[in-house]
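Since the structure comes first, as C-alpha cells, the remarks are kept for the end.
The values are calculated or read from the model by the stated rules, or taken from the named source; none is laboratory data. Note that the coordinates shown come from a computational prediction; the quantities given were computed from them, not determined experimentally. Heads up, the Cβs are rebuilt from the backbone with ideal geometry, glycines too, and the neighbour counts pull from every protein chain shown.
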Amino acid sequence: MLKPTHNMNTQTALITGASSGIGMHLAHEFASHGHPLILVAPLNQNSKPSPLICERNMASNAHVIAKDLEKPESAQEIFDQVQAKGLEVHILVNNAGHGYRSKTWEVPIEKDLSMICLNIEAPCG
C-alpha cells in the first residue's frame with residue numbers, strides 16, 4: 001500500500017457503490033488519506049442510506065447521496081446535488097454494479113436487465 005506524502009488531501013473523491021464491498025473499502029482508504037468524500041449508494045429497505053456509508057469515523061467531510069444508479073435520472077440528480085453543495089469532484093471511482101452466479105437460463109430476465117442497466121447503461125449516461 002502506498003503511503004500518503006502528507007495527511008491531508010484536498011482532492012474530493014466521488015465513490016459509487018460505497019455501501020459495501022470494494023466501494024466501502026475504497027471509501028475507507030480514501031478517507032484514511034484525508035480525501036473529502038462524496039459517497040453514493042441506493043436507499044436500503046428502510047429508506048435510509050446504508051449505515052455502512054454513514055459511518056462517522058470515515059471522514060468528517062463525507063457527503064452521502066442516496067441514489068439508485070439503475071434509474072435513468074439518477075446521474076443528473078447526483079450532478080445537481082454536487083453542484084448545489086458547491087463541491088468539485090476530482091476523482092471518480094465508478095464502482096456501482098452487481099452480478100449473479102447462476103446458469104444463464106435460470107436467471108430471471110429482470111435480473112439480467114437490472115445488471116445491464118447498472119453495469120453498462122449507468123456509467124455511459
Does the stretch 91-109 contain at least one residue that is at pLDDT below 85, surrounded by 11 or more Cβ atoms within 10 Å (Cβ to Cβ) and over 17 Å from the mean Cα position of the chain (by Cα)? yes
Going through (1) hydrophobic (A, V, I, L, M, F, W, C); (2) at pLDDT below 70; (3) in contact with a Gly (Cβ under 6 Å, 6 or more places away or on another chain) one by one, Met58 fails only at (3)
Only residues in the stretch 97-116 that are polar (S, T, N, Q) count as the first member; pair them with residues that are at pLDDT 80 or above and surrounded by 12 or more Cβ atoms within 10 Å (Cβ to Cβ), Cβ under 7 angstrom, at least 6 apart or cross-chain, and list the lot. Ser114/Glu70
